[in-house]
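Asks: I'd like to ask you about the structure that follows.
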């Protein structure tokens, strides 16, 4: 059976020039934004200068290994956890020095035992050491090794399945982490405009991550423009809804700490969070839609622009449905404990969703979903314009085709 293959469509020289002309300002604005908004350096973390600390003088964070657990003072075999926190005696070792360890009731319930590695506060050098009555205070488990192992497994799985493209994607992910940790967070703490900082950070991540993962091509540039459009829509809608719904109030401990110790606006922080949340999902749907247009145009170059758009949007609608579920369930999973508590209250579920921290989550879900849904037809339409600019009628001699990028 004879199968005729078609060459993958490419944009016309005129269209490529237009895309370059549109791309250059984006890159230049991003570079300019990085330069203008770059944090001034150490000592600017707080309005008064200096880094934030959550420990008293002469109290330090340390890693401790539990060396002994003595429950002989407990009168009952199944004591109340609150009582057991007082009757169970723990001994831990920090840098070769053993001392008493206070463990919280919830940690006792989780089963702290001999050999466990913990994060603790070291009070041995504190002036209040005698009043504390203990050398070390439990903070949390030391999870460095399990999380590092899981990250390595994740990287190996990506490399095994996606190969060199997976390596490029992981490199882009690493770059995104650097942008967030080195530029965005310090710049916000340095009292730079949070929304502008988030937009510049998102733009830098998009440009580098997309081209690293998918290569430099008109297809990737199409996805980039679609992502930019989605980010702009998400940012504008997020800013409007945050103001209209009066969400700029600190409802969490982190929010109170941030607004109480810095000049950062809680409303601006919510918009930043919405932008960064939407960035990853937008990258996903736009590159998928661009690829759908290119593949459809490759196998059916005779399709008119309207037909090509309609077929690509069939794929896009399926992607919309699945991705909206993804965003919603991701938020639900992160707030599951809160939802369980809400269900036990003598209050309607809808009313509870419009209060406090939950209202922020609901607005984030809806804003990100709207940006995502609008970005799909925009990317699809742009992709159709690009591929149709370079399509020609296939001849009977078109029997071979390069592997689509």
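Asks: Taking other Cβ within 10 Å of each residue's Cβ, how do 37, 26, 148 sort, fewest first?
Replies: Ranked by crowding around the Cβ, least crowded first: 148, 26, 37.
Asks: Quickly work out the residue 95-to-residue 246 label distance, labels modelled 7 Å from Cα along the C-beta direction, and quote it in nm with one decimal.
Replies: Once both label points are built, they end up 5.1 nm from each other.
Asks: Something else: Could you please rank 242, 104, placing first whichever residue has the fewest other Cβ atoms within 10 Å of its Cβ?
Replies: Ascending number of Cβ neighbours within 10 Å: 104, 242.
Asks: Given a Förster distance of 30 angstrom, what is the FRET efficiency for residue 340 paired with residue 164, based on the Cβ-Cβ distance and rounded to 0.05?
Replies: The calculated FRET efficiency here is 0.10.
Asks: Here's a follow-up. For the pair residue 254 and residue 353, what calculated FRET efficiency results from E = 1/(1 + (r/R0)^6), where r is the Cβ-Cβ distance and R0 = 22 Å, to the nearest 0.05?
Replies: Efficiency computed from Cβ-Cβ geometry: 0.60.
Asks: A further question follows. FRET efficiency for residue 144 and residue 106, Cβ-Cβ distance as r, R0 = 25 Å, nearest 0.05?
Replies: FRET efficiency, residue 144 to residue 106: 0.75.
Asks: Using alpha carbons only, how many angstrom separate the centre of the stretch 309-356 from the centre of the stretch 185-240?
Replies: 24
Read the figures in this text as sums done on the coordinates, not as results from a lab. Treat the numbers as computed from the prediction; the structure is a model and nothing was measured. Don't worry about glycine lacking a Cβ; one is built from the backbone with ideal geometry, like all the others, and counts go over all protein chains shown.
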